[in-house]
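The values are calculated or read from the model by the stated rules, or taken from the named source; none is laboratory data. This is a predicted model, so every value here is computed, not measured. Note that we place each Cβ from the backbone using ideal geometry, even for glycine, and neighbour counts take in every protein chain shown. Calculation scope for accessible area: heavy atoms of the full protein, side chains included, ligands and nucleic acids excluded. Shrake-Rupley method; radii C 1.70, N 1.55, O 1.52, S 1.80 Å.
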Amino acid sequence: LDWDRQVSGAPVVQSQAQAKAIQDAYDAARRAYADQNLEECVRLYDIIVQLDPESFVWYERRGQVLVDANRFADALKDFEKAESLTPANYKSVGLLANKGLAHEGLYMWRDALEDYNQAIAIGGSIGNKYPYVLNSRGNVYAALGEWGRARDDYLASATIFQESRILSSAIFAQGNAALMLTQLGDDTNALRELKAAARRGPASIDFRAAIAALEWNQGERERAASVWRDACVNIRSGQIRSNGPNYDSCGDFADKDWLLKIRRWPPRLTTLMDNFLQELAAEEREKIAS
C-alpha cells in the first residue's frame, strides 16, 4: 500500500479489493486537494471512512480538509473521533494544530490555546519547532488581548522561519510582531519594524496600510497619504486559490470587522486606520469642492 503514513492504528484492510478501493479514493482525494476542490476531497474521504471506519488517520485527514473549507464544527467532530481511535501513547501534532484552527474558526480561544500549547509542548519534547503553530498561538493570544505574549510568539515564529529560509512567512510573522506594539503604545518601534518588514516584503499592502495609519496619526499626513496611494496603485492584491476572493486589497482596510476578526489587527490600530481613511476621504472631497 502507498499511504503516506503508517502508524499504529493506521488502515487495516480486509481484502485486496478493499485496499485498492481505498487507495484509489485516497489518490483522487489528494488530486482534488491539490486543485483546491475541497468539497470533492471531503466526498472522497467520506467514501474512505465508510470503507475503513476504524482507522483514525482518515478522520484526521478529512478534518484537515474541513478546516480549509471553513467547516469548523464538522472538523472538530472528525478530530474528536480520530482521538477516540488513537492508541493511548500516540499524539498527533498535526491533529492538535488543526484542531486549534477549528477552535479559532469558532472563536473558542481558550480551547484553541490548549490545543496549540499541547502541540508546542510535544514538539519541544522531541526537539522539533513548529513556527506555524507558534504564529497561530500568537493569533490566539492577540484575540485574548495578551499582546505581549502574542508578540513573543510572533517573534519566535519569525526567527524559526528565517532559520529555515521560509522567508515570506518570516516577514509576515515579523510584521505581526510589529503590529502588537501599536496596542502596547510603542508606535515609534512599531513603525520602525513595519518599515523593515515592508522593505523585505515589497508586495504587502498590509504593512504599508499600517504605516500609513500610524504616520497619519503622528501628523505626517502627506507622507501617510503617499504611502497609501503607492500601495493601492502599485501593488496587486492576491488570491489564495483560483476564482477565490482577493486578500490584502485596499478595500479590505475600510472594513473594521475584517481587520479585527480576519486580519487580526489590534483594536487601537484598527481605529487609527478607520480615522485615517475617513479623514483622508474628507480632505479629498474638500480639494474637489475647492
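Before we move on, is S204 within 18 Å of S249 (Cα to Cα), open to solvent by 30 Å² or more (accessible area, probe 1.4 Å) and hydroxyl-bearing (S, T, Y)?
Judged against the criteria, S204 is not a match.
Quick one: in region 107-124, which of the residues that are among the charged types (D, E, K, R) and surrounded by 15 or more Cβ atoms within 10 Å (Cβ to Cβ) is farthest from L76 (Cα to Cα)?
E114
Is there a residue being in a loop (DSSP other than H, G, I, E, B) and surrounded by fewer than 20 Cβ atoms within 10 Å (Cβ to Cβ) anywhere in region 187-194?
No, that holds for no residue.
Cβ-Cβ below 6 Å, separation at least six or inter-chain, first residue in region 267-286 and of a type in the set (S, T, Y), second open to solvent by less than 20 Å² (accessible area, probe 1.4 Å): which pairs?
That search, which allows pairs on different chains as well, returns T270/L259.
Taking the options D274, D248, D230, name whichever one is surrounded by 15 or more Cβ atoms within 10 Å (Cβ to Cβ) and modelled with pLDDT under 95.
D248
Can you go through A173, A177, A142 and tell me which one is assigned to a helix (DSSP H, G or I), in contact with a Phe, Trp or Tyr (Cβ under 6 Å, 6 or more places away or on another chain), touching a residue at least 40 places away in the same chain (Cβ under 8 Å) and on the phi < 0 side of the Ramachandran plot?
A173
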